[in-house]
Amino acid sequence: MTSLSDLPIRDDLRGLTPYGAPTDPVRIQLNVNENTHPIPEAVATDIVMALAGAVMNANRYPDREFTELRESLAAYLGHGLAADNIWAANGSNEVLQQTLQAFGGPGRRVLGFPPTYSMHSIIASGTGTEWVTAPRDPAYDITPESVVAAIAEHTPDVVFLCSPNNPTGTPVSNDTIVAAYDATDGIVLVDEAYAEFSDRESALSLLEGRPRLLVSRTMSKAFAFAGARVGYLAADPAIADALRLVRLPYHLSALTQAAAVAALAHAPQMLAMVDEIKAQRDRMSAGLEALGFTPVPSESNFVLFGNVADPQELFHKLLIQDILIRDVGIPHHLRVTAGTEEETTAFLDAMADLQTLGRVEQ
């Protein structure tokens, strides 16, 4: 049988492994930061009706400019944004990929600050963009001083800042974002996939007068729309012109566009569970701390917690109890998604039973 190594694959892709998370069928799945709350039935009905209408015209190509979707996203975001400020694609990962296709590529580099979203480096590799990194401080923060120093050291063409950051849940201050923008002539992209779970001012407020600043978002998290695969960004209209050069023709299907527009029409209902998710996140943090673990303060829909003596052992013991969380590769840490009240209770009860696997000196 032919193996991957037998194929004439690009040299820079040899030895790499694809992105993925465990997909074990379990009772409680808290490993990929999904919104575990279902879409409200009345909203789902309207989305299905919109999909039915789109299917009737599926013999025709979709709107290449996804005009109605861009208008809906601009209205949702506010901040004086118009459709010309919006770009969308099949999940925020495709938005990031298109950004590096347009502004990265061979001979160019993108700067990141690990631990951060693992797809950032994978997308860099896939687009032939050099991935360079700079450290965070012990509390996983990035200060204006540290971001300016990192840019001076690496002279990147693109800077990725994740706020709130995955997997730590920590924010990047707007002061740091402004400092990064002022320190480079390149693109600064703020990945705000979890912004709806944070009470801080969004980087959207910084867009005016900064044509090289991009703010990416997703409907996968707060909107409970992970299966629909809709990501988007807000930026100067010239950015959308650049991304048109690299996007595939008709890259957003008519079904995707119809479903997303219908969901955005019900934004208040779709986002009604955000406060409940934040409450469960904070309950998880308090419960883990009471058990002797060390949760990192989170402004997302998940909690990274440390003081885990053996992350792999704890991961597998939870899996035996039909609870799936995430080992993100940070020594003595694991990450858990904030789910429903019932899921949180089951997780914390299991953690109480496994308490002895914590409390390691760090």
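Just a few scattered comments:
- Tensor-based shape of the stretch 185-252 (alpha-carbon gyration tensor, a/c under 1.5 rounded, otherwise prolate or oblate): oblate
- Per residue, the chain exposes an accessible area of 44 Å² to a 1.4 Å probe, with every protein chain left in place.
- For the stretch 145-198, the share of alpha carbon pairs falling in successive 10 Å distance bins from zero is 26, 52, 21, 1 percent.
- Computed on the chain, with alpha-carbon pairs under 8 angstrom and 6+ residues apart, the relative contact order is 22 percent.
- When 176, 356 are compared by accessible surface with a 1.4 Å probe, the order from highest to lowest is 356, 176.
- Fraction of the pair-distance distribution of the stretch 10-125 above 23 Å, Cα-Cα pairs, percent: 56 percent
- The largest accessible area among 317, 221 belongs to the first residue in 317, 221, and the rest follow in falling order (1.4 Å probe, all chains).
- The order of 200, 60 by accessible area, most exposed first and with a 1.4 Å probe, is 60, 200.
- Set the Cα radius of gyration of the chain against 2.2 N^0.38 Å, with N its number of residues, and you get 1.01.
- The helix-based estimate of mean residue ellipticity at 222 nm for the chain, built from -39,500 (n - 2.57) per DSSP H run of four or more residues and divided by its residue count, is -11000 deg cm²/dmol to the nearest 500.
- The fraction of accessible area contributed by carbon and sulfur in the stretch 1-97 is 55 percent, rounded to a whole number (1.4 Å probe; ligands and nucleic acids excluded).
- Debye equation applied to the C-alpha atoms of the stretch 169-216, log10 I(q)/I(0) at 0.20 Å⁻¹: -0.63
- Taken as Cα centroids, the stretch 289-311 and the stretch 208-233 sit 27 Å apart, rounded to the nearest whole angstrom.
- Kirkwood analysis of the stretch 285-335, using all unique Cα-Cα pairs, places the hydrodynamic radius at 11.2 Å.
The values are calculated or read from the model by the stated rules, or taken from the named source; none is laboratory data. Please read these numbers as outputs of a predicted model, since none were measured by experiment. All accessible areas refer to the heavy atoms of the entire protein, side chains included, with ligands and DNA or RNA removed. Shrake-Rupley method; radii C 1.70, N 1.55, O 1.52, S 1.80 Å.
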